[in-house]
Structures are given as C-alpha cells and as structure tokens.
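Trainee: Pasting a structure here, questions to come.
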Amino acid sequence: MKNEINAVLENMTATTPEPEDYTGEDGLLYCGKCRKPKEAYFAPDKAAIFGRDRHPAECDCQKTAREEREAAEKRRRHLDTVEELKRRGFTDPAMRDWTFENDNGRNPQAGLARRYVEHWEDMRTDNIGCLFWGGVGTGKSYLAGCIANALMEKEIPVHMTNFALILNDLAASFEGRNEYISRLCRYPLLILDDFGMERGTDYGLEQVFNVIDSRYRSGKPLIVTTNLTLDDLRNPEDTAHSRIYDLVLCQEKVQVKRELFTSIFCLMPHLFPSVLILSNISFHTH
C-alpha cells in the first residue's frame, strides 16, 4: 500500500520534459517553446509532506492547449444541448432551417422577431407573446420558427406545434390529458402554429380552449400564428370560438412594450404577416 501511495504522489508531482525543454538557472524545468516554467517549488512545509521540493506548473503552451480543449468541450456540450432541444421542440425537421440567417430579408416583421429574441428576458418576465396573422405564404410560421431556433441556440427550451398534432397526441396519450397539457406549459415559450385550422368538433374546441387557458394560467409567453384575420378573431362565429379567441387576443389586456416595439400594421398584408404584441401577465378568468 505504501508503494502505491508513493507511486500516486510521484505521478502528481513529476513533470515529463519534452525534447526542447531545458533547466533554468533556478533549477526548474522550462518550456522550450514559450520559455515559461513547467515546475514550481513547494513551500518548505509542503515539500516535507510530498518528499519532493517541486511540483508541475502550467506553462503558457499548456495553458493555451488546456483552454482550447475546454472550449472545444464546452462547444460540444452546447451543440448536444441545442440538438436535443430542437429534437424535442420541433414537430417537423424542416423547421430547423427557419432561421434569421436563412431569411431573405424581405419580411418587414423580421426585425420585430429579432428584437423579441434579443429582449427575451424582458419578454419572459413580463409574459409577452406575439400574434402573427396573415394569408397563406406570408411567412408567419417562418418568423415564429426563427424565434424558436434563435432561442434554442441560447439553450432556451421552446416547443413549436399545432393543434392538429396536439389533438392527435391527446387522443393517443397514455400519460393523460392533464399531464400532456402540463408538459406543454412547462416550456418557457410555446408556439402554436396555424391556429384556427383544427377541426371544429365540440371535443376539439374544448381541448383547444383547455390548452390555451392552461398556458395563460402558467404565466409563460405564447406565440400564435394564424390565417385568420383580426376581424375573424374579434368577431367569432359562435360562443365556443369566442371563448377561445378571447383568450388569444385578451383585447382588454393587450399591452405594448413601447420602448421595444411599435404596433405594426403591414403595408402589404397579402405579402407579409401582421404582428400584434400580446401581454397576458394580468389575465384572469371570471
């Protein structure tokens, strides 16, 4: 056992020289490249404990190599984390390509989407979401995907889905409706794409209401994209839709962070989506 302990101490305190290394005037081993010491002397009391008068030290070359290894490992862990977030967060692999970097720059609302990401901590704290509305092909889903990708690159969990998938998942869920909805509400940001395109059965509408209501009650931001117009949302066809649309709009509760955003109405509504900044921080049901 004593021999094993001595071997461990020897490995801890010994320095392996490279061919270009040399011994300095102070008796320590120096790096032949950066000319910095690879050894340092123990304090006298420590030298007695280890039975040696010196221990390894990090020269500049070793420090640089270590920092490069640590940076590479940190980068690898980051990429693994982002990959897992996108695997869980997107329901379609094509959404991974919906990024600001791939944007053609034609959509005037891209700047607002970027600011949403840049000020995410404020958005999350103040519980501010977005409603993107416009016709087919106006880029609503793409903008929402840009926000999702940018936040996940910052290691912030986001889930982007639609009610067609949610209703299918609920019908096939083994974990129970409440647990499934609770899982959706745990994401810091939930994006509901193509809102209003789900089937209009009583069961479907009830589940849509339950998901949106639970999300509002969670106190976390929600982003919604829809082909419906603001007029459609403000003037629903029946009571079942009215209670859902009221949750989405919360018109009497809308607040705009004026230092970050302005209310935007598109000059070309058939080409680009319009955006409404929604805050449900003070939302209550009666």
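Trainee: Just wondering, is there one or more residues in the stretch 21-28 that are under 18 Å from the mean Cα position of the chain (by Cα), open to solvent by less than 40 Å² (accessible area, probe 1.4 Å) and in contact (Cβ under 8 Å) with a residue 12 or more places away in the chain?
Mentor: no
Trainee: So, one more: Residues in the stretch 215-239 that are over 17 Å from L192 (Cα atoms) and either touching a strand residue (DSSP E or B) at 6+ places or on another chain (Cβ under 8 Å) or acidic (D, E) (or both): how many?
Mentor: Result for the stretch 215-239: 4.
Trainee: Which of the residues spanning the stretch 82-112 are under 24 Å from F163 (Cβ atoms) and touching a strand residue (DSSP E or B) at 6+ places or on another chain (Cβ under 8 Å)?
Mentor: Once the filter is applied, which keeps residues that are under 24 Å from F163 (Cβ atoms) and touching a strand residue (DSSP E or B) at 6+ places or on another chain (Cβ under 8 Å), the stretch 82-112 yields L85, R88, G89, F90, T91, M95, R96, Q109.
Trainee: Here's a check for you: in the stretch 98-112, which residue that is part of a helix (DSSP H, G or I) and free of Cβ contacts under 8 Å to residues at least 40 places away in the same chain is surrounded by the most Cβ atoms within 10 Å (Cβ to Cβ)?
Mentor: At the first step, the residues of the stretch 98-112 found to be part of a helix (DSSP H, G or I) are 110-112.
After this cut, where a residue has to be free of Cβ contacts under 8 Å to residues at least 40 places away in the same chain as well, the list is 110-111.
Numbers: A110: 18, G111: 11.
Among them, the one singled out is A110.
Trainee: Among (1) within 15 Å of the chain's Cα centre (by Cα); (2) part of a helix (DSSP H, G or I); (3) within 30 Å of L247 (Cβ to Cβ), which single condition is L79 missing?
Mentor: In the conditions (1) within 15 Å of the chain's Cα centre (by Cα); (2) part of a helix (DSSP H, G or I); (3) within 30 Å of L247 (Cβ to Cβ), L79 misses (3) alone.
Trainee: Of the residues in the stretch 229-253, how many are open to solvent by less than 50 Å² (accessible area, probe 1.4 Å), over 19 Å from I191 (Cβ atoms) and either at pLDDT below 80 or assigned to a loop (DSSP other than H, G, I, E, B) (or both)?
Mentor: Qualifying residue count, the stretch 229-253: 1.
Trainee: Can you spot a residue in the stretch 265-272 that is modelled with pLDDT under 50 and buried (at least 20 other Cβ atoms within 10 Å of the Cβ)?
Mentor: Yes, the stretch 265-272 contains at least one residue that is modelled with pLDDT under 50 and buried (at least 20 other Cβ atoms within 10 Å of the Cβ).
The values are calculated or read from the model by the stated rules, or taken from the named source; none is laboratory data. Fair warning: this is a prediction, and the values are worked out from it, not measured in the lab. Every residue, glycine among them, receives a Cβ derived from its backbone with ideal geometry; neighbour counts consider all protein chains shown. These area figures cover heavy atoms from the full protein model, side chains too; ligands, DNA and RNA do not enter into them. Shrake-Rupley method; radii C 1.70, N 1.55, O 1.52, S 1.80 Å.
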